Amino acid sequence: MVAVPQSPPPTDDPEDPVPTTPAAEAPAPEALRTPAAPAAPRPRPPARPRPRVFLGATAAAVAVLLLLVALGTLLHQPLLIPPLAASAALVAGAPDLPLSQPRSVVGGQLLSALTGFAVLAMAGPGPWGAAVAGGLALGVMALARAPHSPAAATAVVVALQATPFWSFLGLLALACLLLVAAGLAAAPATGRTYPTYWF
């Protein structure tokens, strides 16, 4: 009978030519490797709106601003001020944004006007007080959870022009309600939802 030579048992001797790498240290199969995360897409401008959305939003903005001019003419008061044009653009063009919701349009505009009147009472009319009023208005709106960036300009208008308190607030509230009504009227025509929340 011929004796079959037995291979020597594995050892931890560094001079041993037989590798003794444990199975746990073997490289992981390809299927178990975590794939690298894909690179984030580069930001791009928004897509061009559908004709229905474009025409409906533009018509709503033009109509409500003309209505403000008409009412201002009847009341012999300047009802259309620049901040309201920016508000109309938000309500008609981006009705799903938090800045466009009724809470933000009405609340943000009125709170900013009150901020402007508070600064006006302390500092008097002028560009320095107007700058402070515009900045403070952003903080007041944030605390009230009624963000509406065009309203910061309303605080500036109040602090610059020293507008009469009650008449300005009343006309501003009326204008804001008309903007919200225009958003409600435009939503079915554009196929979008407005508002996404009220208060």
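Some points to look at:
- Prolate/oblate/rounded label for region 66-183 (Cα gyration tensor, a/c 1.5): oblate
- Whole-Å distance, taken between Cα centres, linking region 168-199 and region 81-117: 10 Å
- Probe 1.4 Å, accessible area per residue of region 97-199, Å²: 46 Å²
- Nitroxide proxy distance, nm - points 7 Å out along Cα→Cβ at Arg145 and Ala189: 3.3 nm
- Taking label points 7 Å from Cα along the Cα-to-Cβ direction, Val62 and Ala39 give a separation of 4.4 nm.
- Extending 7 Å from the Cα toward the beta-carbon at both Ser167 and Ala47 defines two label points whose distance is 5.0 nm.
- Surface share of carbon and sulfur [accessible, 1.4 angstrom probe, percent] for region 48-96: 74 percent
The values are calculated or read from the model by the stated rules, or taken from the named source; none is laboratory data. Here the structure is a predicted model, which means the values were calculated and not measured. Cβ coordinates were reconstructed from backbone atoms using ideal geometry, including for glycine residues, and neighbour counts include every protein chain displayed. Ligands, DNA and RNA are stripped out before the accessible areas are found, and what is left, the full protein with its side chains, is counted by its heavy atoms. Shrake-Rupley method; radii C 1.70, N 1.55, O 1.52, S 1.80 Å.
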